[in-house]
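Only one structure is covered here, and it is reproduced in the block below.
The values are calculated or read from the model by the stated rules, or taken from the named source; none is laboratory data. Quick caveat: nothing in here was measured; it's all calculated off a predicted structure. Neighbour counts are summed over all protein chains in view; Cβ atoms, including those assigned to glycine, are modelled from backbone coordinates with ideal geometry. In case anyone asks, the SASA skips ligands and DNA or RNA and just uses the protein heavy atoms, side chains included. Shrake-Rupley method; radii C 1.70, N 1.55, O 1.52, S 1.80 Å.
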Amino acid sequence: MVVERNPNYWNKGHPYLDRVSLRPLPDQQSRFASLLSGVADLIWDDEYDADNLVRAKQNPSVNVHTYTGSGAQPYAFNTKLAPLDDVRVRRALIMTIDRKKMSNTLTNGLSKPASNPFGDGSWVKCEDDGALPFDPEKAKQLLKDYAKPVQFKLTVTATPRGRNLGQVLQQFWKQVGADAEIEQVDQATIPVRAYARQYQITPWRIIDNPDPEPFVYALFHTGSPVALANYSNPELDALLERARSTADRAKRTEDYCAITRIINHEAIWFFTFQNTYYAVTNNKLKGLPPLYSGVIDVSDTWLE
């Protein structure tokens with residue numbers, strides 16, 4: 001698709017570029033090769049293309065643009081369906097996840113582990129977010145106390161990334177005696193099934209937000225259409241309501257950290273990695289702004 005500069009655009013003198021050509025290249029290697037060959041001036045990328053990002057950082061002819069956002073890449077448990085209706089099972093599954101090993105396996109260590117919904121790019125900073133420790137032995141004991149077979153379905157996207165993530169989690173859980181069946185679905189199916197609560201564990205995405213209130217309230221308050229865990233807690237609801245009723249950032253931070261401690265203690269969601277965004281450009285392209293929410297904005301870029 002080719003988009004051309006509008007000579008009657010309200011902001012005179014903008015954009016700088018006469019036209020932009022958009023070429024979908026799903027294959028990571030093809031995308032990176034198009035940049036090095038000069039066919040493309042800019043490509044989107046992410047930490048799952050770690051090898052190319054490392055190569056790009058070592059190449060003086062290109063620039064790697066990185067932005068650490070807020071939010072995270074989480075999964076929600078459906079707490080109304082067995083065996084995930086038992087907090088011991090949910091805690092055991094989380095305590096079996098080695099996020100550092102997961103990062104090294106999937107992204108050569110580029111992905112930053114997450115234990116809350118906020119991320120380094122958020123103004124919410126928690127000294128104690130109540131994250132459950134990596135403790136496979138404790139996880140085995142919890143499942144032993146549960147004393148029933150632990151079998152469930154893990155929904156993932158039918159993509160190489162989704163499958164790889166699912167297989168890593170599946171192996172972690174297998175080591176403590178939990179049997180996860182990987183269910184691959186089209187990405188567009190994920191939200192439809194999530195809203196209908198047709199899942200046991202579903203992936204989700206918490207995108208960058210200048211304020212945590214809209215997504216935290218929506219994801220965790222009783223009765224919300226996107227409170228995917230099917231979980232209700234009066235204490236959690238009260239904290240969510242209080243956090244949205246004051247402009248005092250210190251008080252709100254205190255409430256949001258208390259909210260996170262409940263989420264982690266009750267193990268209703270778990271968080272894998274923080275949101276980090278990448279783009280790679282040749283040295284001729286200038287003026288690219290920070291990649292907020294992963295958006296590549298070329299409206300004020302130019303080529304030297």
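Things worth noting here:
- Exactly one residue out of 22, 53, 35 is over 30 Å from residue 210 (Cα atoms) and either out of contact with any strand residue (DSSP E or B) (no Cβ under 9 Å at 6 or more places or on another chain) or among the hydrophobic types (A, V, I, L, M, F, W, C) (or both), and it is 35.
- Taken over segment 230-261, residues that are among the aromatic types (Phe, Trp, Tyr) and in a helix (DSSP H, G or I) amount to 1.
- Scanning segment 208-242 for residues that are buried (at least 20 other Cβ atoms within 10 Å of the Cβ), within 22 Å of residue 153 (Cβ to Cβ) and either at pLDDT below 95 or among the β-branched types (Val, Ile, Thr) (or both) yields a count of 0.
- For segment 262-304, the set of residues classified as open to solvent by 50 Å² or more (accessible area, probe 1.4 Å) and either among the small types (Gly, Ala, Ser) or assigned to a strand (DSSP E or B) (or both) consists of 286, 299, 302, 303, listed by residue number.
- Top-ranked residue of segment 113-134 - restricted to ones that are charged (D, E, K, R) and touching a Ser or Thr at 6+ places or on another chain (Cβ under 6 Å), ranked as surrounded by the fewest Cβ atoms within 10 Å (Cβ to Cβ): 120
- You will find that of 232, 245, 224, the residue that is free of Cβ contacts under 8 Å to residues at least 12 places away in the same chain, of a type outside the set (A, V, I, L, M) and in contact with a Phe, Trp or Tyr (Cβ under 9 Å, 6 or more places away or on another chain) is 224 and no other.
- Evaluated against (1) of a type in the set (D, E, K, R); (2) in contact with a Lys or Arg (Cβ under 9 Å, 6 or more places away or on another chain); (3) open to solvent by 40 Å² or more (accessible area, probe 1.4 Å), residue 249 falls short on exactly one condition, (2).
- Restricting 248, 297, 237, 211 to residues that are within 30 Å of residue 51 (Cα to Cα) and among the charged types (D, E, K, R) narrows the list to 297.
- Of everything in segment 63-115 that is assigned to a strand (DSSP E or B) and among the aliphatic types (A, V, I, L, M), the residue that is nearest to the chain's Cα centre (by Cα) is 72.
- The listed residue being closer than 30 Å to residue 27 by Cβ and of a type in the set (S, T, N, Q), out of 200, 151, 175, 167: 167
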